[in-house]
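Laboratory data are not the source of any read-out in this text; all were calculated from the coordinates shown. Owing to the predicted nature of the structure, the values given are computational and were not obtained by experimental measurement. Here the Cβ positions follow ideal geometry from the backbone for every residue, glycine too, while neighbour counts run over all protein chains shown.
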Amino acid sequence: MRTRRSAIIATFCLLFVAQVSYLVYTAWVAGGEPGPIYIGLTIMSAIVDVAICYGTIRRAEAFKRAYKDEAAAQISLSLAEYGERLAHTDQVTRRLAQNVDAELRDSQEALDRGDLTALKAHLNKSVDIASRAVAPKCANVMVSALLESKESECQAAGVELQAHVALPVELPVSDDVAGAVFLYLMDKALKECRALADARALPAGAAIVVRSKVSAGQFFVQVTGPCQSQVDLRGENGLRYVDAIAAEHGGMTSYEQEGETLDLSVMLPVVAQRS
């Protein structure tokens with residue numbers, strides 16, 4: 001967004017300089033005498049240029065604030081829901097632990113009796129109970145909350161969410177930046193899946209795959225999923241906001257479509273640890 005604003009200012013400054021230069025050339029170099037009408041038009045044009053430049057910058061800033069606020073609201077809601085699920089999960093985990101302990105005690109008794117069949121049955125049941133414990137999607141709470149929130153939306157759309165996210169507890173970029181990137185990339189992938197579902201063209205076993213890691217000084221996020229044959233990859237306001245984030249942080253975005261597969265990725269340089 002900062003790069004775009006600088007380009008806008010530079011463009012209008014060049015237009016203004018060109019108008020003034022032509023006025024100076026006409027008056028003093030070419031020996032002509034620009035009339036008051038031309039001088040007035042030049043001044044009016046300069047004022048219009050400044051007004052358009054200011055209006056464009058204000059609209060760009062308003063767009064950025066709106067999508068930043070929307071992302072923050074969705075992140076807050078996801079965190080609240082995630083907190084409620086964690087409290088419920090903690091209760092469930094305690095009950096599962098009690099059940100596992102009981103099965104292990106029964107396994108020890110079967111071992112003491114030399115009943116290998118009962119021992120095997122109790123151990124298999126212990127493993128089955130332990131596998132029901134809910135593990136977080138990743139170490140970072142905010143990203144886990146977003147992934148779990150979007151997983152519910154994916155299930156409602158008939159799509160599986162596969163998360164391969166290896167992120168630390170503390171992210172190397174701010175939570176609002178990381179959250180907006182995850183949110184708007186997943187929103188676009190979900191939108192395409194819903195469109196396919198509405199057209200009864202969603203493939204069986206469809207999945208949205210989210211990958212993220214910090215490697216070689218880069219914070220990387222990639223979202224892939226099924227899509228329609230023709231996809232607007234630059235007209236989405238959410239993706240435009242992600243573009244603005246990448247431009248502001250010196251990163252890069254890549255939105256590609258290969259056949260009926262959507263591939264959205266963002267890379268942001270990690271220049272310093274978060275304060």
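The table for this structure:
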item: For the stretch 200-257: rounded, prolate or oblate by the Cα gyration tensor [a/c cutoff 1.5]; result: oblate
item: In order through the stretch 216-227: 3J(HN,Hα) via Karplus (6.51 cos²θ - 1.76 cosθ + 1.60), integer Hz, x for Gly, Pro; result: 6, x, 10, 9, 10, 9, 9, 10, 10, x, x, 8
item: Full-stretch length increase - Ser215, Arg200 - with 0.36 nm per residue and alpha-carbon distance subtracted; result: 1.5 nm
item: Square roots of five times the Cα gyration tensor eigenvalues for the stretch 145-258, Å; result: 24, 17, 11
item: Pairwise FRET efficiency - Ala166 versus Asp232, Cβ, R0 = 35 Å, nearest 0.05; result: 0.65
